[in-house]
Each structure stands twice: as C-alpha cells, then as structure tokens.
1. Grab the helices (runs of 4 or more DSSP H) fully contained in the stretch B:240-359, keeping just those with 1 or more residues being within 13 Å of the ligand (Cβ to nearest atom) and surrounded by fewer than 24 Cβ atoms within 10 Å (Cβ to Cβ).
2. I'd like to check something: does the stretch B:27-48 contain any residue that is within 14 Å of chain A (Cβ to nearest Cβ) and in a helix (DSSP H, G or I)?
3. Could you say which residue among B:N382, B:N366 is touching a residue at least 60 places away in the same chain (Cβ under 8 Å), surrounded by fewer than 17 Cβ atoms within 10 Å (Cβ to Cβ) and in a helix (DSSP H, G or I)?
4. Does the stretch B:62-77 contain at least one residue that is on the phi > 0 side of the Ramachandran plot and modelled with pLDDT of 95 or more?
5. Would you call B:E60 surrounded by fewer than 16 Cβ atoms within 10 Å (Cβ to Cβ) and assigned by the TED database to the domain that holds B:K217?
6. Identify all residues within the stretch B:66-80 that are hydroxyl-bearing (S, T, Y) and crowded, with 24+ Cβ neighbours inside 10 Å; write none if there are none.
7. Going by what's in this entry, would A:A69 be described as farther than 17 Å from A:K234 by Cβ, surrounded by fewer than 20 Cβ atoms within 10 Å (Cβ to Cβ) and in contact (Cβ under 8 Å) with a residue 12 or more places away in the chain?
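The values are calculated or read from the model by the stated rules, or taken from the named source; none is laboratory data. Just so it is clear, the structure is predicted and the values come from calculations on it, not from any experiment. All Cβ positions, glycine included, derive from the backbone under ideal geometry; neighbour counts span all protein chains shown.
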Amino acid sequence: MNKITAQFEDKKPLVTYISGGDPSLEMTEKLIYKLQAEGVDIIELGIPFSDPLADGPVIQEASQRALKAGTTLKKLIAKINEIQDRVEVPLVLMGYYNSVLNYGEKEFARDISAAGISGVIIPDLPVDEKAELSVHLAEYGISQIMLVTPNTSDQRLKEIIVKSSGFLYCVAHLGTTGDDQQGVYPGLEKYLQRVRKTAGDLPLGLGFGIDGPEKVKKIIDYPDGIIIGSALIKAIQAGNTEAEMLANAGEFVKKIKNAIIEEN
Amino acid sequence: MSRGYFEEFGGRFVPETLMPALDELEEVYLELKDDPKFINKLKSLLADYSGRPTSLYFAEQLTKYYGGAKIYLKREDLNHTGAHKINNTLGQILLAKKMGKKRIIAETGAGQHGVATATVAARFNLDCEIYMGAEDIERQALNVYKMEMLGAEVIPVTSGTQTLKDATNEAIRDWVTNVEDTHYIIGSVVGPHPYPEMVRDFQRIIGDETRKQIQEKEGRLPDYILACVGGGSNAMGIFYPFVEDKEVKLVGIEASGKGIDSGQHAATLTAGRVGVLHGSKSYLLQDDDGQIIPAYSISAGLDYPGVGPEHSYLKSIERVDYQSATDMEAVAAFKLLSEKEGIIPALESSHALSYLEKLAPELDQNQLIVVNLSGRGDKDINNFKKIREAEENE
Ligand SMILES: Cc1ncc(COP(=O)(O)O)c(C=O)c1O
C-alpha cells in the first residue's frame, strides 16, 4: 500500500497545508517538524505561485510572502531533499500546473521522487487535459491526488477516480480555499455518499473551508480524513515571533486532533 | 478527452468546479451557433443596438502623409460603447439568458469590456459585477463612472499587480464560488475552452464585413491587415476570415511599453514562453521559476501578460507576423490620427496605427492596408493630458 493511503488505515488522518517558504524555507522546515510532532498525518506543501486562482486571500498572501522571500520550486524541492530523513509523515506538493510545466514534467517527477515526496495535487489540471505529468508520476510511484467537487457529474467522477491515487480530494463546497461560507456545507452527507459509491476503496479527504474544531465535529462522520490550510496559516500568522508561530501551530493541531478523536 | 486545442495551445486548465459550467457553455453555444433564430436575434442587435456594419473608411489624409499604400480604417470605434468589445458581449449575454443565469461577472482592463458588459447586462436586466484592478480604476476613471451609471458594481482588485491579470484571477474566483447562477463574460479570446473559439466567432464579424467592404471599394482583398494584440480579440476578429487567403499579410502589434529590453512591456508573443495562465496554454510573460511577470503598457487594454491560444498557434505556423510598438510610438500615432483625420483613436488601437510608419511608406500606392481601429480614445483623454504635461515639463 502506498504511504499516503496507509495513513487512512486505522484513523481519520489530519492533512494540513502550509505554503512552502512562507515566510522562509527555514521556517517551513521547523513547521514540518512541529506539525508531525503534534500528530499531523500528512503534510501538504504549497508551491508558491503568482496567480493562485483556486485560492482565497489567506493562501494568496502566504504565497506572496513565500515569493518575496525568494522561494522557487527548485529551492523548495532542494530543501525537502535535504531534510527528508527527518520527515516521517508523507509529504504532498500542491501547486499550479504552470510551475510544473515550467520545471519540466519529467524532471519534476524525478526530482520530487528523489526528495522523498509521496504525492502531488494540481488543482488546475483536470483529468481530461493532455499532460504527461501522470505518466511520469506513475513511473516514480508518486500519487496523483485528484480533486472532485459537489457539482462533478457521475461520469466525470468515474474518470477522475480511475486517475487518482493516495486519496481523493473532495472539495467541500463550490468556492476557493479558506472560504468558510458561514459554516454550512449543504448536502455534504449525500455528496460524499455519492462519491464513495464510485470511489470504492480510495479514501475520501475533505477540505476547503474547515476552519476549526467546531466545524470538524460537525463533519467528521462523513469523510475518511480532513484537510486544513487557511485556518492553520491564520493561526500561525497570529504569532509575533517564530516561537509563537510554532506554538500556535502546535495548539491548533492539538485542538483539531482532539475534535477528530472525540467524535469517533 | 481534451478539447479546444489549436495544436498544442489552448485547453482547459481550471479548477474542477468550473468544468460543468464550461461543458454547459460549450453545449449551449454549439447548439445556438447555427440556430437561425439566435443568429437573427444577434444580427439585429448588432445592427440596431450597436450600429453595425461599422464603416471601412479610406483615410485619405493619412495615406497622403505617408505617401505609400492606401490606408483604410475599420471603424470599430463607431460601435455603441466605443469599441469592438460589444460584438462579444452581445453574443454572450444571449447565451447567459438561454442558460438561465441571473448574474453576470466580467474582468476589465481599459474598462471598455467592462462598459460593454455593463451595457448588455442593463439591456437584458441581469445583475452585473465587474472586476477591475485598482490601478486601472485610476487610469480609466471615465469608464468606471459609465459602468456605475449602467447599474453595474465595479469591484476594485487590490491583489497582485492590480491590473487586468489580477482582475481576471478575481473574476475566476468569483465564478468558482457562484458558478451555478453566474455567467462569466470573458472579454477576449483567452481563458479555457470554449472561450477562445467562441469569442473569436463573435468577433469575426469585423473581418467578414471588412472582406465585403474592401471588395466593394477596391474589387480585391487587402495586402496587409494590422491589429493591436492585448488578449487578441479584435485581431482574431479581423484576421480570422482571412487566414486562408495567403496573399493577405496579417500583422499583430503588441505593446512593447518602455521597450522590450527595459523589461517593462506587454509583448507576450515577442518575448514570452509557453505556459498556462487563466485556463489555457499559450505564450506568457514568466520568469525562470514560472511566476507570471507583470505586464506593462501605457494602454490598460494591452497590459496583459498572456495572449489568446489561437494567436500562439498562428505564430507557430508563421501565418501572422507579430510586431510591437512602444508607448511613445503609440502616443505619436494617437496624435497623428487625431490631427490628420479628426479621429481620436484608443491608445490600444494606436499601437496598430503606429506600425503604419514602418510599413506604409515602403509600399506602392496601389497596395492596400486595413488597420483595425478597435476603439475610440475618449477614455484616454485624461491619460493623454498627463502625458502632455510630462512632455512640457521636460
Ligand atoms: C479599444 C481596445 N482595443 C483593443 C483592446 C485589447 O483587447 P483585444 O486584444 O482582445 O482586442 C482593448 C481592451 O480593452 C480595447 O479596449
């Protein structure tokens, strides 16, 4: 079983997102250690991009801070490569297709594999596009985690699920990341039931707009795991010093983990 | 299967949320495109509401001035709302109505597309919100008043470079969130399939009319057609019906701002590399890391780091020659047309006009050039006042 799917075996994993290089690659490294120490099960690292059109303001700003600090995809991969022996949880890169295309699809798969990265999420690369990326990722045994949304048709669900590995990223509502839409996910239960019928054994991760323990408690029954990005970044940003930021990250993760456990 | 490619360019690189909307749009468009009722409705709006056909005007004074080829201007500036943009918005608003959408969104740079969208939204009684970069709101204040007068809400975009690129990002984010009741009227031949193809089809009326008009006046096709290229809709519109006529030379003129070497320009096809932005694969201004480089041009409508995928294709097969013009060249052409012909052109269109300086004197007097005068310059007067003051202070 691949390293990502294995995290879904005996629990509902917590997947967290931070932007790579926000506000520096050194801080990203420290955050990775902190998150895994507090029990995060899978860590997503965002590839900073100038025009992140699937993201809300929190991740847009995180991306901007990372770019300002001089983060590039090359440097991000090099950093992960350097620290891979100290990282126990699976790492997933999430980024926009232009970053990968510009890097070279084959080179990207090769280099992230060497850096020990387990999976990739590209929100603006739908299943129908002719990209060589999937072939190269498969060659190196890297999961390509695909996204589905509440308005994805049954026909598309089938096509997407066939291509997705690791888990299936179920976008909780129509919108961008971090948009909590006043806490309501209309029809969530039905949506995930419909997806599960087609997904079979592929675990379902739910993300977009999960903003804290209260929301986690309301939704945790339905998916196999949850993904949190903007809310964690906000908590980190509330710190004034590096130490505070790391402490905030730890506190946040603890609260979420407890909420998951309490409800299960 | 992937659709909407011009060889390697185009496609649909968007979040999954938008796929059903793009499928629906494509389906409705393909259905209506050949429907006589739809065709007639659009035709009569273009005629009676916008004032088509626009004239093909022999610019006698400009021709004399350059002393070379005969110069004709395709007068898209005479359209209702002052530019070619309305050809597309009229088409798309009918599609939005057919799809039962309640709300219209659009991005705008110069504000011409925003005004053209607000106009049709008013006419067809749909809610309308226009995303516009905060910097462009300042550069194109007149158009902001117009949009508000027409009942649209203008939403300032303060992310990124605060220009057209970022307005487009925000419009896409809005669409992702409100996709069920909202139609996004993209203003150029850019974006995910079916937009590049559909917007081109709505704009090809420029070229279809030009073909008929030049036949009537000259009994033959022109030797050259010039058009400015931002996203590329006015250029695709006038070029497309001539693509198979190899004897007609097509020249697209991008904005080279303060000069290609200065790094401050919007000459995507001249100085860019292939990448993916706003849902399609095409030439892009990007750095070594694949980050989009902000474009720059004196003209807000050309200030865009991407270009329509069909232009990238036409470049790759060398059917269209892509050139560029600087701010200063455009400003000179702006003044010249105003003085010689009594026509104040848009700064965007002035980029195409400026190429006459290089081309017209080199040609014989029996050769024919058509320039697509994509819009009028009222919106640029404030900007122009600033330029003149700066020149006087030098
Ligand atoms: C008058 C005019 N011409 C040209 C353009 C550039 O757009 P396109 O390249 O799509 O024609 C604009 C855009 O705002 C415009 O207002």
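1. On the way: elements: B:268-271, B:309-316, B:327-341, B:347-354, B:356-359.
Per the criteria, B:268-271.
2. The initial filter retains those residues of the stretch B:27-48 that are within 14 Å of chain A (Cβ to nearest Cβ), namely B:27.
Okay, now just the ones that are also in a helix (DSSP H, G or I), so B:27.
Among the residues of the stretch B:27-48, at least one is within 14 Å of chain A (Cβ to nearest Cβ) and in a helix (DSSP H, G or I), which makes the answer yes.
3. On the way: B:N366 fails: in a helix (DSSP H, G or I).
Step by step, each of B:N382, B:N366 is checked, and only B:N382 is touching a residue at least 60 places away in the same chain (Cβ under 8 Å), surrounded by fewer than 17 Cβ atoms within 10 Å (Cβ to Cβ) and in a helix (DSSP H, G or I).
4. Kept after step one, since they are on the phi > 0 side of the Ramachandran plot, are these residues of the stretch B:62-77: B:67.
Remaining after also requiring modelled with pLDDT of 95 or more: B:67.
Within the stretch B:62-77, one or more residues are on the phi > 0 side of the Ramachandran plot and modelled with pLDDT of 95 or more.
5. Values: surrounded by fewer than 16 Cβ atoms within 10 Å (Cβ to Cβ): yes; assigned by the TED database to the domain that holds B:K217: yes.
The answer is yes for B:E60.
6. B:Y72
7. Values: farther than 17 Å from A:K234 by Cβ: yes; surrounded by fewer than 20 Cβ atoms within 10 Å (Cβ to Cβ): yes; in contact (Cβ under 8 Å) with a residue 12 or more places away in the chain: yes.
In short, yes.
Per-residue answers, yes or no, for (1) among the aliphatic types (A, V, I, L, M); (2) within 14 Å of chain B (Cβ to nearest Cβ):
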residue	(1), (2)
A:D154	no, yes
A:L157	yes, yes
A:V171	yes, yes
A:G178	no, yes
A:L188	yes, no
A:R194	no, no
A:T198	no, no
A:L202	yes, no
A:L206	yes, no
